[in-house]
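A.B. asks: Structure in structure tokens, see below.
Nothing in this text is a laboratory measurement; each read-out follows from the coordinates by a stated rule. What you see is a predicted model, and the numbers here were worked out from it, not measured in a lab. Quick reminder, even Gly has a Cβ in these numbers, built from the backbone with ideal geometry, and neighbours come from all protein chains shown.
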Amino acid sequence: MTISIQPDKNEATLIARLRVGDEDAVRQWYQFYESKLKQFLINKISNEEDSAELIQEIFIACLRELIHFRGESSLQTWMFTIARHKVADFYRAKYAKKVIHLVTLLDTIELPSGGTAQDQIHAVRDALQALAPESRELLLAKYLDNKTVRELASDFSITVKAAESMLFRARHAFRTAYSLAVSES
């Protein structure tokens, strides 16, 4: 039995069918929301392969968490919340790999007396971890990816002025966190 999915009318039925593992419902759900997720990700993930993989991860996460869906928002809103978290996870993983690559660069930096390269690496890592995720992602995009403020504004779906302001605050927060990390080591 095939039903046309129109979330405003059949959402509760669709959710009930998904929860019991109805394969036809999963197929219909995927077909209906895949293009919406692609559109959502188009400005957030530039690589099509990464985007396609992320869409799969989003659907899997949604299926796993469907038991917790309370219906306080639409299914689409709930799915896009999970998608935003998956995008953040994607960039955290991506930037973590880049930070590891920076370790060799940090070995060549002249360090203050008494400090080792390893001390500085730990201080930078601890300072980045202490930041709010959005500030961390912003700084990593700016300084590891060498993105312009205009590109950051586009990536974060904010104005250029807001990106400048966020970058200023993120730099300040990093300096504070870095000073604290250095003093603790």
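A.B. asks: For THR159 and SER35, what is the calculated FRET efficiency with R₀ set at 22 Å and r taken between the beta-carbons, to the nearest 0.05?
C.D. replies: So the FRET efficiency works out to roughly 0.20.
A.B. asks: Could you calculate the contour length gain from ILE67 to ASP89, that is, 0.36 nm times the residue separation minus the distance between their Cα atoms, to one decimal place in nm?
C.D. replies: Residue separation times 0.36 nm, minus the Cα-Cα distance, leaves 5.7 nm.
A.B. asks: Another one. Cα to Cα, under 13 Å, and not fewer than 8 places away if on the same chain: which aspartates and glutamates meet these conditions relative to LYS94?
C.D. replies: ASP50, GLU137, ASP145
A.B. asks: Identify the residues of the range 128-143 with backbone N under 20 Å of a label point that sits 7 angstrom from the Cα of GLU151 along the Cα-to-Cβ direction, or state none.
C.D. replies: 134-143
A.B. asks: For GLU134 and ARG27, FRET efficiency with R0 = 30 Å and r from the beta-carbon atoms, rounded to 0.05?
C.D. replies: Between ARG27 and GLU134 the formula returns 0.25.
A.B. asks: Would you mind checking which residues have amide H under 5 Å from ILE45's amide H? H placed 1.01 Å from N; only 5 or more apart, or other chain.
C.D. replies: Close amide H contacts, sequence-distant or interchain: none at all.
A.B. asks: Across the range 168-179, in residue order, what do the Karplus-derived ³J(HN,Hα) couplings come to in whole Hz, using 6.51 cos²θ - 1.76 cosθ + 1.60 with θ = phi - 60° and x for Gly and Pro?
C.D. replies: 4, 5, 5, 4, 4, 5, 5, 4, 5, 5, 5, 4
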